[in-house]
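Novice: I'd like to ask you about the structure that follows.
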Amino acid sequence: MKKHKVTICTGTLCHVMGGSELPALSQFIPPQYLNQVEIKGSPCINHCKNQDMKPPFAEIDGDIFCEATIDKLVKELIKRIENDS
Amino acid sequence: MTANNNNATIIRRDLLVRLCTALLQDKAEETDRIPLNIKPKKRGSVRCCVHKDRAVLKYKLMSILGYKESEETDELLPISHYVKHARGIQDFIIDVISEVCSNCPSAKYKVSNFCMACEARPCQVNCPKNAISFKSGKAEIDDDLCVNCGKCAKECPYHAIQYQARPCEESCAVGAIYQDEQGFEHIDKSKCILCGNCMQACPFGAITPSSTLPQIISEIKSGNQIIAMVAPSIAGQFRQDLHQIYGSIISLGFTDLYPVAIGADLTAAHETIELQEHIESKVTSPLTSSCCPAWVKFVKTQTSLDDDIISNTPSPLAYTAKIVKQENPKAKTVFIAPCIAKKAEAQALSDCDYCISFEELGAWFVASGIEISDQMEYKPKVTASLLGQNFAMAGGVSLAIKESVENDCRIENIHGLNKANIRLIKQKIKSHSCDFMEVMSCEEGCLGGNLSLVSSRESIRIYNAKAETH
Ligand code: FES
């Protein structure tokens, strides 16, 4: 089964600027979809160097999400998983 | 609105980061651009226009730097002027910035135009005060009669009656925040216990605590010996290992670091002795903990509570600061703290020179470009017991005392100084239903401190995950 890869930035800047709750993401994904998602945390993923985007950052399948919230990420994941089938 | 994830909090942090960056680079003039950089013309505005948004940012920065807006005698003085003459914490750490306060209308029930003026009119029928009439065709509430019971809102089948809140006043459990004739909020300093609820509740961020970061950074730049004293709850603030967090703090330029948990061990030992004496003396009220300054201030402002119920034991900070000053008489001391009340406590202690919150620490890390996971570990010379470390949690003080007290005694802990808990506490004290009571103003104790970077739920998770691996 295809897995959607989520990288949550756990870098200090993202952590301070609103991203501190994001690592709890898996608790908010509908249980039936959990096996189609792979979540990992990573130190600074370098998007914070870009002044045009606001932290906190996350990536889903390589696409960047700025001002990330649990809600935003969950919605996006569900959309991607439902598109697969 | 959660305390952590909202734009008012993020803007406060953004201001701290930008201010810190300018201070570290010795570029005070750069701070004049902060409002323009945060609120560029193209992004639209939250208030009436982008210029008001920018003015608000200036007043927030002034508040961080220890200036009230009323002290702005010359409006042309730029932010950099206040940065160069940063005053740190003045007589009071928090106040309402009138220019930022949005004059929220008074809290009351209001009828919206969803009202259908129906035949049933359950709002009118069920109103215990006869406050509802239909003179104008739709329901109308007579504010003089209305007692805000909310029955009408519950009964209306169209959900046409809404409660319009005034968040700061609602959050204050001690009635310390009030509106003047012009509609601006003020904090009554004789009643305020520095619980920080209003700061977290205000959706406009009108309450912005002052900071001593400029002074601390300049001490470091002058090469002075400066020692960090870190509250145990820091362990719940960052995911990395405690020693790596300490290492990151050292990287900021501190010459040494002491965990305040060493003071907590002393507090626990002393408080246990005090409790034993208290029980033996057969006093008819419980002894309560002294380490939460908001609780101490609460008792002192309440005429119905006797000051004697607070233990005389010095707080973990007081003990730690004393040790640090004894061992390093020339050093300046900086307490790294979870909340506003602790900032006030530090301000009043002669052994403690400065205090910053976890939030200010986080902003400082960001401004210095410190990635915690890349930093070296730092092991302090003195270490505390696990019980001392656990003062971070709600119930931590009780736990430490339970371990060492000899007498059989009844211990309780209550965290979150809201209206319901205040009633509960008063009742427990009156009925003497326990011998010792730990009271923490913040929910979840210091792990839920009001100047945290992390929600209390997440900070408990982080804290417990570390405890398991140790
Ligand atoms: S800290 Fe998150 S992208 Fe740099």
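The values are calculated or read from the model by the stated rules, or taken from the named source; none is laboratory data. For clarity, every value in this text was computed on a predicted model and none was experimentally measured. As a convention, Cβ positions derive from the backbone with ideal geometry for all residues, glycine included, and neighbour counts pool all protein chains shown. Just the protein is used for accessible areas: all its heavy atoms, side chains included, with ligands, DNA and RNA removed. Shrake-Rupley method; radii C 1.70, N 1.55, O 1.52, S 1.80 Å.
Novice: Specify the residue that is nearest to residue B:356 (Cα to Cα); the eligible residues are those in the stretch B:225-257 that are within 14 Å of chain A (Cβ to nearest Cβ), open to solvent by 10 Å² or more (accessible area, probe 1.4 Å) and not hydroxyl-bearing (Ser, Thr, Tyr).
Specialist: Among those residues, the one meeting the criterion is B:252.
Novice: For residue A:68, indicate whether it is more than 9 Å from the ligand (Cβ to nearest atom), crowded, with 21+ Cβ neighbours inside 10 Å and within 14 Å of chain B (Cβ to nearest Cβ). Talk me through it step by step, then tell me what you get.
Specialist: Numbers: more than 9 Å from the ligand (Cβ to nearest atom): yes; crowded, with 21+ Cβ neighbours inside 10 Å: yes; within 14 Å of chain B (Cβ to nearest Cβ): yes.
Criteria met by residue A:68.
Novice: While we're on this one: For the stretch B:1-59, give me the residue count where each residue is of a type in the set (Asp, Glu), within 14 Å of another protein chain (Cβ to nearest Cβ) and open to solvent by 50 Å² or more (accessible area, probe 1.4 Å). Let's see the steps before the verdict.
Specialist: In the first step, residues of the stretch B:1-59 are kept if they are of a type in the set (Asp, Glu); the result is B:14, B:26, B:29-30, B:32, B:53.
Keeping just the survivors that are within 14 Å of another protein chain (Cβ to nearest Cβ) gives B:14.
Next, from what is left, pick out any that are open to solvent by 50 Å² or more (accessible area, probe 1.4 Å): none.
Qualifying residue count for the region: 0.
Novice: A follow-up question, please. Anything in the stretch B:59-112 that is farther than 30 Å from residue B:160 by Cα and of a type in the set (Ser, Thr, Tyr)? List them, or say none.
Specialist: Within the stretch B:59-112, B:59, B:63, B:67, B:70, B:73, B:80, B:82, B:98 meet the criteria.
Novice: Still on this structure, please answer the following. Would you tally the residues in the stretch A:26-43 being within 11 Å of the chain's Cα centre (by Cα) and either within 11 Å of chain B (Cβ to nearest Cβ) or within 15 Å of the ligand (Cβ to nearest atom) (or both)? Don't jump to the end; show me each part of the working.
Specialist: Filtering the stretch A:26-43 down to residues within 11 Å of the chain's Cα centre (by Cα) leaves A:26, A:37-42.
Now drop any that are not either within 11 Å of chain B (Cβ to nearest Cβ) or within 15 Å of the ligand (Cβ to nearest atom) (or both), which leaves A:40-42.
Within the stretch A:26-43, residues that are within 11 Å of the chain's Cα centre (by Cα) and either within 11 Å of chain B (Cβ to nearest Cβ) or within 15 Å of the ligand (Cβ to nearest atom) (or both) number 3.
Novice: Something else: For the stretch B:360-374, give me the residue count where each residue is surrounded by fewer than 24 Cβ atoms within 10 Å (Cβ to Cβ) and within 9 Å of another protein chain (Cβ to nearest Cβ).
Specialist: Counting residues in the stretch B:360-374 that are surrounded by fewer than 24 Cβ atoms within 10 Å (Cβ to Cβ) and within 9 Å of another protein chain (Cβ to nearest Cβ) gives 6.
A quick yes/no check of all residues on (1) of a type in the set (Lys, Arg); (2) more than 15 Å from residue B:16 (Cα to Cα):
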{"position": "B:43", "(1), (2)": "yes, yes"}
{"position": "B:52", "(1), (2)": "yes, yes"}
{"position": "B:60", "(1), (2)": "yes, no"}
{"position": "B:69", "(1), (2)": "no, yes"}
{"position": "B:84", "(1), (2)": "yes, yes"}
{"position": "B:96", "(1), (2)": "no, yes"}
{"position": "B:105", "(1), (2)": "no, yes"}
{"position": "B:112", "(1), (2)": "no, yes"}
{"position": "B:124", "(1), (2)": "no, yes"}
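Novice: Taking residue A:74 as the residue in question, decide whether it is more than 10 Å from the ligand (Cβ to nearest atom) and surrounded by 12 or more Cβ atoms within 10 Å (Cβ to Cβ).
Specialist: Details: more than 10 Å from the ligand (Cβ to nearest atom): yes; surrounded by 12 or more Cβ atoms within 10 Å (Cβ to Cβ): yes.
When the stated conditions are applied, residue A:74 passes them.
Novice: Take the conditions over 19 Å from residue B:204 (Cβ atoms) and not hydrophobic (A, V, I, L, M, F, W, C) and apply them to residue B:157. Does it pass? It would help to see each step written out before you state the result.
Specialist: On the way: over 19 Å from residue B:204 (Cβ atoms): yes; not hydrophobic (A, V, I, L, M, F, W, C): yes.
Spelling it out, residue B:157 is indeed over 19 Å from residue B:204 (Cβ atoms) and not hydrophobic (A, V, I, L, M, F, W, C).
Novice: For residues in the stretch A:1-25 being in contact with a strand residue (DSSP E or B) (Cβ under 9 Å, 6 or more places away or on another chain) and open to solvent by 50 Å² or more (accessible area, probe 1.4 Å), which is farthest from the ligand (Cβ to nearest atom)?
Specialist: Residues of the stretch A:1-25 that are in contact with a strand residue (DSSP E or B) (Cβ under 9 Å, 6 or more places away or on another chain), as a first pass: A:3-11, A:14-15, A:19, A:22-23, A:25.
Filter once more, so that each one left must be open to solvent by 50 Å² or more (accessible area, probe 1.4 Å): A:3, A:5.
On the way: A:3: 23, A:5: 16 Å.
That would be A:3.
Novice: When you scan the stretch B:288-341, how many residues do you find that are of a type outside the set (Phe, Trp, Tyr) and open to solvent by 20 Å² or more (accessible area, probe 1.4 Å)?
Specialist: Of the stretch B:288-341, the ones of a type outside the set (Phe, Trp, Tyr) are B:288-294, B:296-297, B:299-318, B:320-334, B:336-341.
Still in the running and open to solvent by 20 Å² or more (accessible area, probe 1.4 Å): B:293, B:296-297, B:300-304, B:306-308, B:312, B:314, B:318, B:322-323, B:325-330, B:332.
Residues that pass the stated criteria total 23.
Novice: What tally of residues in the stretch B:349-387 results from selecting those that are assigned to a helix (DSSP H, G or I) and at pLDDT below 95? Walk me through it before giving the result.
Specialist: Going through the stretch B:349-387, the residues assigned to a helix (DSSP H, G or I) turn out to be B:358-368, B:372-374, B:386-387.
Next, from what is left, pick out any that are at pLDDT below 95: B:386-387.
Qualifying residue count for the region: 2.
Novice: Name, by its number, the condition in (1) within 18 Å of the chain's Cα centre (by Cα); (2) open to solvent by 10 Å² or more (accessible area, probe 1.4 Å) that does not hold for residue B:356.
Specialist: If we test residue B:356 against (1) within 18 Å of the chain's Cα centre (by Cα); (2) open to solvent by 10 Å² or more (accessible area, probe 1.4 Å), just (2) comes out false.
Novice: Working only within the stretch A:48-58, note down all residues that are within 7 Å of the ligand (Cβ to nearest atom) and open to solvent by less than 30 Å² (accessible area, probe 1.4 Å).
Specialist: A:56, A:57
Novice: If the requirement is being touching an Asp or Glu at 6+ places or on another chain (Cβ under 9 Å), of a type outside the set (Phe, Trp, Tyr) and over 22 Å from residue B:173 (Cβ atoms), which of these qualifies: B:428, B:332? Reasoning before the result, please.
Specialist: Numbers: B:428 fails: over 22 Å from residue B:173 (Cβ atoms).
Every option except B:332 fails the conditions.
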